[in-house]
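The values are calculated or read from the model by the stated rules, or taken from the named source; none is laboratory data. Keep in mind it's a predicted model, so treat the numbers as computed, not measured. No Cβ is skipped: glycine too gets one built from the backbone with ideal geometry, and neighbour counts run over all protein chains shown.
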Amino acid sequence: MNERHFRLYERIVAIEDSLEALGPIDKLIERIEELEKMVKQTKTVLGFDEACKYIGVSESLLYKLTAAKEVPHYKPRGKMLYFNREEIDKWLLQNKQEVIGMVTKIEIDNPKE
C-alpha cells in the first residue's frame, strides 16, 4: 500500500472510531428532539407557526382568529404576529364547562325505577 492509500485508510479508521464513539444516530436524533421540545416549552413568546402548532389549529384559522381579535396577539412592527404563551393558555382555558359528578351522572343515566 502506498503512502497516499495508507493516509486515506487512517482517516477512514479515525472517522469510523468517531462515529462509533457517538453511538447510534437515531438515539442522537431522539435526544436532539427532546432538547428542542424542552427549549420550546420554556419560550414565553411564540411566532405564528409555533402558535399554530401549540394551539393545534391551521394557519388560516389562526389568521381568522387574529383578524377578528378573538385571540390575544401582538404585532410589534405591524406585520409579524407574536403570541404570549401565558395569554394563549388563558385564552384556551376560558369558558370552562362544569362537570356533573360521577354519582349524579350515573343516577341521571340510570334512574331508579
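Here are the numbers:
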{"read-out": "Pair list, Cβ under 8 Å, 6 or more apart: the range 1-12 residue surrounded by 10 or more Cβ atoms within 10 Å (Cβ to Cβ), other residue part of a helix (DSSP H, G or I) and modelled with pLDDT under 85", "value": "none"}
{"read-out": "Filtered residues of the range 27-83 (kept if among the β-branched types (Val, Ile, Thr), assigned to a helix (DSSP H, G or I) and modelled with pLDDT of 95 or more)", "value": "Thr66"}
{"read-out": "Criterion violated by Cys52 - all others in (1) in contact with an Asp or Glu (Cβ under 6 Å, 6 or more places away or on another chain); (2) more than 16 Å from Glu87 (Cβ to Cβ); (3) not polar (S, T, N, Q) satisfied", "value": "(2)"}
{"read-out": "So Val13, is it of a type in the set (Val, Ile, Thr), at pLDDT 85 or above and more than 30 Å from the chain's Cα centre (by Cα)", "value": "yes"}
{"read-out": "Where Val103 falls short, out of the listed (1) modelled with pLDDT of 85 or more; (2) farther than 26 Å from Lys40 by Cα", "value": "(1)"}
{"read-out": "Every residue from the range 53-66 that is of a type outside the set (Ser, Thr, Tyr) and surrounded by 10 or more Cβ atoms within 10 Å (Cβ to Cβ)", "value": "Lys53, Ile55, Val57, Glu59, Leu61, Leu62, Lys64, Leu65"}
